Amino acid sequence: YRETAAFLRAGYERMGLQYWLPHRRLSNTLTTLRLPKGRTYPQVHDALKKEGFVIYAGQGSLEREAFRISNMGWIPRPEYERLLRVLEAWVKS
């Protein structure tokens, strides 16, 4: 999980997404990201869901400020690469 989290986080950073927590406190299985300014959770959820990915809203007071992506389970690397492509297309749109 650590290697997959590092791979995904390098992608998140390349596209300018920001973590909710300091790097030293990040989990190896779940990453909470700040929504880009002017964007909503339903927008990112729907864009990724359309491509077959399931993500999660921030909990409680973070519901409108953050979204979460999990990397638990056996998921082939090409799917993580595709996730990053789809997410980057949404960020740049």
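Rule-based calculations on the coordinates, nothing more; no lab input. Owing to the predicted nature of the structure, the values given are computational and were not obtained by experimental measurement. Because the Cβ atoms are built from the backbone with ideal geometry, glycine has one as well, and the counts that use them run over all protein chains shown.
Considering each of Gly11, Gly60, Gly16, Gly38 in turn, give the residue that is among the small types (Gly, Ala, Ser), under 13 Å from the mean Cα position of the chain (by Cα) and on the phi > 0 side of the Ramachandran plot.
Details: Gly11 fails: on the phi > 0 side of the Ramachandran plot; Gly60 fails: under 13 Å from the mean Cα position of the chain (by Cα); Gly38 fails: under 13 Å from the mean Cα position of the chain (by Cα).
Selected residue: Gly16, the only one of Gly11, Gly60, Gly16, Gly38 that is among the small types (Gly, Ala, Ser), under 13 Å from the mean Cα position of the chain (by Cα) and on the phi > 0 side of the Ramachandran plot.
Which of the residues spanning region 15-31 are closer than 21 Å to Ala89 by Cβ and surrounded by 11 or more Cβ atoms within 10 Å (Cβ to Cβ)?
Kept after step one, since they are closer than 21 Å to Ala89 by Cβ, are these residues of region 15-31: 15-19, 31.
Met15, Leu17, Gln18, Tyr19, Thr31 - these are the residues of region 15-31 that are closer than 21 Å to Ala89 by Cβ and surrounded by 11 or more Cβ atoms within 10 Å (Cβ to Cβ).
Pairs, please: C-beta under 9 Å, at least 6 apart or cross-chain, first residue touching a residue at least 60 places away in the same chain (Cβ under 8 Å) and within 15 Å of Ile55 (Cβ to Cβ) and in region 75-93, second of a type in the set (Val, Ile, Thr) and loosely packed, with under 14 Cβ neighbours inside 10 Å?
Leu83/Ile75
Failed condition for Tyr56, given (1) without any contact (Cβ under 8 Å) to a residue 24 or more places away in the chain; (2) in contact with a strand residue (DSSP E or B) (Cβ under 6 Å, 6 or more places away or on another chain); (3) more than 12 Å from Thr32 (Cα to Cα); (4) not small (Gly, Ala, Ser), with all others met?
Answer for Tyr56: the failing condition is (3).
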